[in-house]
Amino acid sequence: MSSTAIQVNSKRGIWGGGNEPLKASYGKLMMWFFLLSDIFTFGAFLITYGAIRMSYPAYEGSAADFSSSNEYWPIPEMIYDAIPFVHGGHFPLVFVGLMTFILIMSSVTMVLAVEAGHRNDKNDVVKWLLWTLLGGITFLSCQAWEWAHFIHGTDDGTLMTYVNSFNNIVTETVYGANLIVNEYGPPAFAQLFFFITGFHGFHVTIGVVLLFLAFYQAAVGVYQQRGHYEMVEKIGLYWHFVDLVWVFVFTFFYLI
Amino acid sequence: MAQENKNDMEVIPRDSAKIRKIWITALILLLVTAFEFVLAFTMPRGILLYVLFILLTIVKAYYIMMEFMHLGEEAKPLFYSIIVPLIFLVWLVIALMKEGSDIFLMRW
């Protein structure tokens, strides 16, 4: 934000680096350009997902009588339909909906922390950062559960003919998912799921570490001593970016 | 909002209009997501539904970048140096969609 707390001492002249054409501090600029490069990384992943998905036949028929096969790409709402504590239930997209809600809410508490930082309100910064941190940890826990469920699979599994890791063609009931075969659809379905949601989860993990750092430093008064809360703002940019990526992952993995 | 007293760190009182705006943005994001859920279970799957999903996703991305990341309030050169390079993604979408559908034709 252009109203960042930092004020550069411009004793240096215009040609000595004293002017600021972008009116943002070095750290914030670098965070923005890092995020731009990360947009390209995630963009390439998601567009690749689209391309690989298009190279497989779509499931023809109504969602009600959908059954998994490695012949066609599955319908997401029939795959992601489990919630914790209810065994074998069919609750399409309920759990990812909850995860989306948690991440959006943690993004909101992050903006509130940044806003409190602009006002030098240490108590508010600490309070909102703690909420954000909790949201991030909850999201990661949800993702861990979702992965565990995806890997272990359903009770019935799916009867599939596929090429196993020894290059033999086998026909057997497949349970859960790994990088060779999965009970939900073509191998690429699980590979892309692990790869892209895993990369996003890795970003969230780093975000949680950074949030903890900001929370700790704000709480012990490091930023107050420093005279500004710009670190909260930079970590905030990163955290919103994680939310932004999830919005796209949600659309491409769970809706389309 | 500009920080005048940076040495004694005077706490500026909350501006309720600003905080309200943040919560309204959050409400918009949640409503758009809820609307996507409704579409997912009521509309038949097909190109029209996918286009709607992608448009709604871009609406959400707009709100996150403009309201949460405050990109709109940055200096114009910074704003454009973030937005304009994204045009390369448009090319990538076109190229890889073509690639995907061609692989489909070759394989099946």
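Measure out, as a whole number of angstrom, how far apart the alpha-carbon centroids of region B:26-53 and region A:179-215 sit.
Each part's Cα centre sits 24 Å from the other's.
Name the residues whose placed amide hydrogens come within less than 5 Å of the amide hydrogen of residue A:159, ignoring near sequence neighbours (fewer than 5 apart) on the same chain.
A:174
Among A:37, A:165, A:107, which one shows the highest mean-square fluctuation when chain A is modelled as a Gaussian network with alpha-carbon springs under 10 Å?
Checking each option, the largest mean-square fluctuation is seen for A:165.
With everything on Cα atoms, drop me the angle between helix A:94-118 and the longest principal axis of chain A, reported from 0 to 90° to the nearest 10.
With both axes taken from Cα atoms, the answer is about 10 degrees.
Please state, as a whole number in µm²/s, the translational diffusion coefficient that the Stokes-Einstein equation yields for chain B at 37 °C and 0.692 mPa s, with Rh defined as the Kirkwood radius across alpha carbon pairs.
For these conditions, the coefficient is 182 µm²/s.
Relative to the longest principal axis of chain A, what angle (0 to 90°, nearest 10) does the C-alpha long axis of helix A:230-249 take?
20 degrees
Okay, helix-only estimate at 222 nm for chain B: each DSSP H run of n ≥ 4 adds -39500 (n - 2.57), divide by all residues, round to 500 deg cm²/dmol; what do you get?
-23000 deg cm²/dmol
Based on Cβ point charges of +1 for Lys and Arg and -1 for Asp and Glu, what charge dipole magnitude is obtained for region A:38-121 about its Cα centre, in debye rounded to the nearest 20?
Roughly 180 debye, rounded to the nearest 20.
Please check: in the Gaussian network model of chain A (C-alpha springs, under 10 Å), which one of A:159, A:130, A:22 has the largest mean-square fluctuation.
A:22
Under a point spin-label approximation (7 Å from Cα along Cα-to-Cβ), what is the residue B:94-residue B:75 distance to one decimal in nm?
3.3 nm
Quick check on my link table: of A:23/A:122; B:60/B:98; A:127/B:76; A:23/B:18; A:127/B:60, which ones sit more than 30 Å apart, alpha carbon to alpha carbon?
Beyond 30 Å between Cα atoms: A:127/B:76.
Roughly how many Å is it from the Cα centre of region B:73-108 to that of region A:21-59, as a whole number?
Cα centroid to Cα centroid, the span is 10 Å.
Tell me which of B:86, B:34, B:22 sits at the most positive position along the dipole axis of chain B, charges placed on C-beta atoms (Lys, Arg +1; Asp, Glu -1).
B:34
Over all directions, what mean area does the Cα convex hull of region B:15-73 project, stated in square nanometres?
About 4.4 nm², averaged over all directions.
Write down the accessible area per residue of the protein assembly as shown in Å², having rolled a 1.4 Å probe over the full set of protein chains.
Accessible area per residue: 49 Å².
When the expected Rg is taken as 2.2 N^0.38 Å, what fraction or multiple of it is the alpha-carbon Rg of the protein assembly as shown?
For the protein assembly as shown, the normalised Cα radius of gyration comes out at 1.11.
Using a 1.4 Å probe and counting only protein heavy atoms, how much accessible surface gets buried when A and B come together, both sides summed, in Å² to the nearest 100?
5700 Å²
Against the longest principal axis of chain A, how steep is helix A:122-152, in degrees 0 to 90 to the nearest 10, with axes from Cα atoms?
Roughly 20 degrees between the two axes.
The values are calculated or read from the model by the stated rules, or taken from the named source; none is laboratory data. Note that the coordinates shown come from a computational prediction; the quantities given were computed from them, not determined experimentally. Positions of Cβ are generated from backbone atoms using ideal geometry, with glycine treated the same way; all protein chains shown enter the neighbour counts. These accessible areas exclude ligands, DNA and RNA; they are computed on the full protein's heavy atoms, side chains included. Shrake-Rupley method; radii C 1.70, N 1.55, O 1.52, S 1.80 Å.
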